[in-house]
Amino acid sequence: MATSGETSERRLVVLLSWLEAKEKHIEKYRQFYLDRGFDVLNVKTSPWDLLLPNVGARKISEDFVRFMVEKQYSNVVVHGFSVGGYMFGRFLLEMDKFESELRGKLLNSIRGIIFDSLVPLEGIAPGVSRSITQNPLGAKVLEKLIEVYLDVAKNIATKHYVEASKKVWAGPLRCPTLFLMSKDDNISDHRIVERLASVWSNLGIECRRMLVDSSPHVQLFTKHHESYVKQVDNFLKHIKAPPKPLIETTNTTNN
């Protein structure tokens, strides 16, 4: 977990990077936000953190929430890529462990969410396999092995994915959200992402969308740079105002 900047009075963006994201790729997004006056926290997740969530993903979630409590940022944007949506769900579950006042303060500090090439629960196996190897045959074999593992390891891994997914679909935040998608993304199914946006819209959450015809997974910033920057900049300007209050701030600790 790497951070840039120190002052809690500034705006913070939390980058939930994709699996095996290289530093040179993340640097483009870090610089994008630094140029706009944000502090930047990059949260990395490895394939093994994902496959052993009760060890890897849990530790990442605990460290993230501890950081948020210590730094007390009051103006936070979450920018999640790919499986970063799963980590976002884990963060929300971790916040549920706090008493209602602190939990409400943490949740209300998040002014906006950006999901870029969001990977739903069904996309974990192909997402992990393609982050490990770019060989098509090797990725397909590995994907099948991961599917078998997820079926066998329901109590070790799969139940944690389901819990995080349910948390996200429930729309626990009421801040505006921007969904960035591609129709031909072979890991992120835009139809499922659109369904999530519709569910959130029905809950009263403002959802914006950018859907392009073609772009490889998590390459929208590069392939559609002008549109991407325009959408994100407009969104960031829009969410400077305080968000709607949470519908509920009571503690719902998950056991």
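The values are calculated or read from the model by the stated rules, or taken from the named source; none is laboratory data. Because the structure is a prediction, the values reported are computed rather than measured. Note: ideal-geometry Cβ built from the backbone for every residue, glycine included; neighbour counts use all protein chains shown.
For this structure, a couple of remarks:
- Unique match (being out of contact with any strand residue (DSSP E or B) (no Cβ under 9 Å at 6 or more places or on another chain), at pLDDT below 95 and assigned to a loop (DSSP other than H, G, I, E, B)) among ILE192, ILE187: ILE187
- Subset of the range 143-184 that is in contact with a strand residue (DSSP E or B) (Cβ under 7 Å, 6 or more places away or on another chain) and of a type in the set (A, V, I, L, M, F, W, C) - its residue that is nearest to SER214 (Cα to Cα): MET181
- Just one of the listed residues (VAL65, VAL83, VAL69, VAL76) is of a type outside the set (Gly, Ala, Ser) and surrounded by 24 or more Cβ atoms within 10 Å (Cβ to Cβ), and it is VAL83.
- Sole residue being exposed (fewer than 13 other Cβ atoms within 10 Å of the Cβ) and not in a helix (DSSP H, G or I), chosen from GLY204, GLY112: GLY204
- Qualifying residues in the range 86-107 (those that are surrounded by fewer than 24 Cβ atoms within 10 Å (Cβ to Cβ) and small (Gly, Ala, Ser)) - the one modelled with the lowest pLDDT: SER100
- The range 29-50, residues that are of a type outside the set (Gly, Ala, Ser) and closer than 22 Å to GLU163 by Cβ: VAL43, LYS44, THR45, PRO47, TRP48, ASP49, LEU50
- Qualifying positions in the range 161-201 - charged (D, E, K, R) and in contact with a Leu (Cβ under 7 Å, 6 or more places away or on another chain): GLU163, LYS167, ARG174, LYS183
- Hey, VAL40 in a strand (DSSP E or B) and of a type outside the set (Lys, Arg) or not: yes
- Checked against the criterion of being within 13 Å of the chain's Cα centre (by Cα) and among the hydrophobic types (A, V, I, L, M, F, W, C), the candidates PHE81, PHE98, PHE67 yield just one match: PHE81.
- Among the candidates LEU19, LEU121, LEU52, LEU34, the residue that is among the aliphatic types (A, V, I, L, M), closer than 29 Å to PRO216 by Cβ, at pLDDT below 90 and more than 15 Å from the chain's Cα centre (by Cα) is uniquely LEU52.
- Condition check for SER131: under 16 Å from the mean Cα position of the chain (by Cα), touching a residue at least 24 places away in the same chain (Cβ under 8 Å) and buried (at least 18 other Cβ atoms within 10 Å of the Cβ): no
- Taking the criterion of being in a helix (DSSP H, G or I) and hydrophobic (A, V, I, L, M, F, W, C), the residues of the range 9-37 that qualify are ILE26, PHE32, LEU34.
- Any hit, the range 232-240, residues being over 21 Å from ARG103 (Cα atoms), at pLDDT 95 or above and either in contact with a Leu (Cβ under 8 Å, 6 or more places away or on another chain) or assigned to a loop (DSSP other than H, G, I, E, B) (or both): yes
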